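**Q** Got a structure for you, questions after.
None of the figures in this text is laboratory data; all of them are computed from the coordinates on show. Since this is a predicted model, take the numbers as computed values, not measurements. Note that we place each Cβ from the backbone using ideal geometry, even for glycine, and neighbour counts take in every protein chain shown.
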Amino acid sequence: MIVWAGQAMLDTHEPVRAGAVCVEDGRIVAVGTREELHARYGDAPEEGGDDLLLMPALVNSHDHGRGLGTASLGVGDDLLETWLLGLGAQPTIDPYLAAAYDGARLLRSGVGAVAHSHNPRRWDDQRAEAEATIRGYRDVGIRVAFHPVVVDQNQLIYAQRDGFLASLPPDLRPAAERFAQVPPLDDGAYFALCDDLHARFHDAERHTVHIQASPAGGQWCSDELIGRAVRWARDHGTRVQMHMLETRYQRHYARQQWGTSFVRHLDSTGALGPWLTLAHMVWVDPDDIPILAQRGVAVAHNPSSNLRLRSGVAPVAAMLGAGVTVGVGLDGHALDEDQDHLRELRLAWTLANAPGAASPTVEAADMWAAGTTAGAQATFGDAPLGRLAPGYAADLVLLDWRAVQSGFVLHHADPADLLLRRASRAHVRHVMIDGAWVVRDGVSCRLDEADLVRRIQADLDRPPSAEERRQGEAARALVPYVRRFYAGWEE
Ligand SMILES: [Zn+2]
């Protein structure tokens, strides 16, 4: 099949007029102009249109597959450290439905591959949740890098926990102690789960599913656990993704703990390497950015989430300038709770260009790469994703280019600038993944989204159990104390 459009982003951020790709057995076998490919593959059926723009499917380099945004689930935005308390009180949505619906929304926003960092509802049943989640993504037709998650320390408070607990009013202490417990999943059970999921789901040929290790975050995992995750990933030819330096308090924790930065400490343990992707990195020290580049560590940048959870703005221009591979992730926290990856790239691009003549300039091409080629590298390693080039997977999007231009033909504007400045999920018309159409005319071809919505609504309508209500009340009661504790950590 030949897929063509009036403008095509063929292996470059410079669009090609009347560009096309030829797709065979899920792969791109040739790119060029429509005319060239028509001459070479005359009998191949054609799809496309002059008013469309053809681009590679985007890669969402860090997310959680919750189905709905957290504000929609009743967990209002707050500082990460207090916001996390409320996560346990969100309504339980069936993990299959959450993944299928999240996947459908991502596909409709032009995303063809997502990193799913799992937030277990039941740690002792993560296997069942993982299977259901992977099935949900597969059924809707989106690629997933699935991260089963593990933590082994520092729940509730990163350090000085006994002092914190002792400072609480006595009636709050039992609830705080429950929040402070390490979840019931030890190293042995975790890596057995990784082995099992990897054996059953990891697809090193077509890259529909990757299984990657995920110690949840630097402060929540011991050096031993992180080291073991790295060894497991290298033994299995896969990757590790962790949350890292999301908040200033995490940076402070590293200083208190080791008298040095997180990056330098992890480097001293041998954890840093091209197998690793670190999500957030808002509070990375400027001096440490070259270390990330030297070790080949990738970063998943989450600008909306970092604004909504009041974490800050990551130094993306410095990372790109040093040669760090940067992808962009929605983290379930798009500004409009709509999983719009095009708008997320727009926000990332805008924030990356800081005030002042001395600040470096991040070009549209850099941010385009973060959404495609670099994003694929950060999320799926060396898998042939993120480019419209021969040998790459046929993961592509057709946008309504005339609508992006609001009905004009904007001859004078740079199409790459227009794409990043004006396009949104509303303009996505058709999406092909692995050579098959999964969205046509803005509608999933795989699953009935209205049915998913009805079934998720039924989960949302279920009243919380007495235990869930108690958990929510305890979380709300603890918030001011946790906030006061970290306020004492201001540098
Ligand atoms: Zn996250």
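**Q** How large is the dipole of the chain about the Cα centre if only Lys and Arg carry +1 and Asp and Glu carry -1, each at its Cβ, rounded to the nearest 20 debye?
**A** With Lys and Arg at +1 and Asp and Glu at -1, about 660 debye.
**Q** Moving on to the next point. Could you work out how far apart the two model spin labels at ARG470 and THR350 are, taking each label as a point 7 Å from the Cα in the direction of the beta carbon, and quote it in nm?
**A** The answer from the label model is 4.6 nm.
**Q** Same structure again: Apply 1/(1 + (r/R0)^6) to the Cβ-Cβ distance of ASP459 and GLU46, taking R0 = 51 Å, and write down the FRET efficiency to the nearest 0.05.
**A** On the way: r = 43 Å, r/R0 = 0.84.
Once the sixth-power term is evaluated, E becomes 0.75.
**Q** Using each residue's phi in the range 172-187, evaluate 6.51 cos²θ - 1.76 cosθ + 1.60 at θ = phi - 60° and report the 3J(HN,Hα) Karplus result to the nearest Hz, with x for Gly and Pro.
**A** In residue order, the calculated couplings are 8, 4, x, 5, 4, 5, 5, 4, 7, 6, 6, x, x, 8, 7, 3 Hz.
**Q** Taking R0 as 25 Å, what FRET efficiency do you get between ALA293 and ALA365 from their Cβ-Cβ distance, rounded to the nearest 0.05?
**A** Between ALA293 and ALA365 the formula returns 0.85.
**Q** Let me ask you something else. In what sequence do LEU320, LEU79 fall when counting other Cβ within 10 Å, fewest first?
**A** LEU79, LEU320
**Q** On to the next question. Let's see if you can work this out: charge +1 on each Lys and Arg Cβ, -1 on each Asp and Glu Cβ, no other charges. What is the dipole magnitude of the range 52-138 about its Cα centre, in debye to the nearest 20? Write out the running numbers ahead of the final one.
**A** Details: 8 positive and 10 negative charges, 77 e Å.
With Lys and Arg at +1 and Asp and Glu at -1, about 360 debye.
**Q** Among ALA192, PRO174, ALA132, which residue has its Cα positioned farthest towards the positive end of the charge dipole of the range 132-202, with +1 placed on the Cβ of Lys and Arg, -1 on the Cβ of Asp and Glu, and the dipole taken about the Cα centre?
**A** Farthest towards the positive pole: ALA132.
**Q** Label ARG173 and ALA39 with points 7 Å out from Cα along Cα→Cβ: what is the distance between them in nm?
**A** Distance between label points: 8.3 nm.
**Q** Can you give the % of DSSP beta bridges in the range 1-128 that are antiparallel, to the nearest 5?
**A** 55
**Q** Using the number of other C-beta atoms within 10 angstrom as an exposure proxy, rank LEU84, LEU399 with the fewest first.
**A** Ranked by crowding around the Cβ, least crowded first: LEU84, LEU399.
**Q** Would you grab the residues whose amide H sits under 5 Å from the one on ALA145? Only those 5+ places off in sequence or on another chain, please, with H modelled 1.01 Å from N.
**A** VAL114, ALA115, HIS116, HIS210
**Q** Looking at the chain, what % of its DSSP beta bridges pair antiparallel, to the nearest 5?
**A** Antiparallel bridges make up about 45 percent of those DSSP assigns within the chain.
**Q** While we're here: Compute the Cα gyration tensor for the range 275-339, then decide on rounded, prolate or oblate, letting a ≥ b ≥ c be the square roots of its eigenvalues: rounded whenever a/c is under 1.5, prolate when a/b is larger than b/c in the other cases, and oblate in all that remain.
**A** Numbers: a/c = 2.62, a/b = 1.85, b/c = 1.42.
In terms of gyration-tensor shape, prolate.
**Q** So how far apart, in nm, are the two label points at HIS412 and ALA436 if each is 7 Å from Cα heading toward Cβ?
**A** With each label point 7 Å from Cα toward Cβ, the separation is 4.7 nm.
**Q** I'd like the antiparallel share, as a percent to the nearest 5, of DSSP beta bridges with both residues in the range 1-73. Show your work: numbers first, answer last.
**A** On the way: 12 of 18 bridges.
Restricted to the range 1-73, the bridges split so that about 65 percent are antiparallel.
**Q** Within the set of other residues whose C-beta is less than 10 Å from the C-beta of ARG421, count the net charge using Lys and Arg as +1 and Asp and Glu as -1.
**A** For residues surrounding ARG421, the net value is 0.
**Q** Using helices alone, I'd like the mean residue ellipticity at 222 nm for the chain: each DSSP H run of four-plus residues gives -39500 (n - 2.57), total over residue count, nearest 500.
**A** Counting only the DSSP helices, I get -12000 deg cm²/dmol.
**Q** As a footprinting exposure proxy, order ASP195, ASP94 by other Cβ within 10 Å, with the fewest listed first. All intermediate terms of the calculation are to be shown ahead of the outcome.
**A** Numbers: ASP195 14, ASP94 18.
Ranked by crowding around the Cβ, least crowded first: ASP195, ASP94.
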